[in-house]
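A quick write-up on the structure given underneath.
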Amino acid sequence: MDQNRTSGRLYSQQRRKLFMKLTANITLDELTKSQIAERKGINNNPSPEQIENLKALAVNILQPIRSHFDKPLIISSGFRCAQLCIEIGSSINSQHVADDEAAAADFEIPSVDNRELAKWIRANLEVDQGILEFYKDGEPSSGWIHCSYSRNSNRQQWLRAQRVDGKVQYTPWIGE
């Protein structure tokens, strides 16, 4: 078989995998799309095990949110391969890498106050870690939500990330 046909078939298989529906409303493509990876030529395709972790995140966190609010989520960051993490200055141990039976996503829902969204998630879903990131009181569309889900056990850890004197501080968030 010639090289072009082999490459074409592999590319076609990768594209089909990316458009795989993980739930009724969440696709693998939404969780793997990265403008930086595309710009830098980084292969940000997850392994089968990582796909299972992303599916668990979609089924247990993202789809219930989508169904409750009946609005699409804007996922700003989902899966990141280790190379992409290094490129953006993130840890290769981040749950965004979707290893160790866990996965994470950063998201928001347009026209839904991010604090109210975080409160609903905290009250209704089991998460490993939830972070209300860079939310400013009185600015409902500021910041975003980070949620991770583990197929093993979930800590129900909730934090708030804020910039103080130019540095990011994480403090426990009790849902105020």
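Brief remarks on what is shown
- Close amide H partners of Thr27, meaning residues 5 or more places away or on another chain with modelled amide H under 5 Å apart, are Leu22.
- In the chain, the sites counted are chymotrypsin sites (Phe, Trp or Tyr not before Pro) in DSSP loop states with at most 15 other Cβ atoms within 10 Å, and the longest stretch holding none of them, exclusive of the sites, is 20-133.
- Nearest-0.05 FRET efficiency for Ile92 and Glu38, computed from C-beta distance (R0 25 Å): 0.80
- Over the chain, all Cα pairs binned in 10 Å intervals from 0 give whole-percent P(r) values of 10, 36, 35, 14, 4, 1, 0, listed from short to long.
- On Cα atoms only, tilt of 3-18 relative to the major axis of the chain in degrees: 20
- Percentage relative contact order, the chain, counting C-alpha pairs under 8 Å, at least six apart: 17
- Cα-based shape type of the range 114-176, given that a ≥ b ≥ c are square roots of the gyration tensor eigenvalues and the cut on a/c is 1.5: oblate
- Gain on full extension, evaluated as 0.36 nm per residue between Glu49 and Lys136 minus their Cα-Cα distance, stands at 27.7 nm.
- Here the Karplus curve 6.51 cos²θ - 1.76 cosθ + 1.60, taken at θ = phi - 60°, turns the phi angles of the range 27-39 into couplings of 10, 4, 4, 4, 8, 10, 5, 8, 5, 5, 4, 5, 4 Hz, with x standing for Gly and Pro.
- With the simple spin-label model, which puts each label point 7 Å out from Cα in the Cβ direction, the Asn152 to Phe19 separation comes to 3.6 nm.
Read the figures in this text as sums done on the coordinates, not as results from a lab. Please read these numbers as outputs of a predicted model, since none were measured by experiment. Note that we place each Cβ from the backbone using ideal geometry, even for glycine, and neighbour counts take in every protein chain shown.
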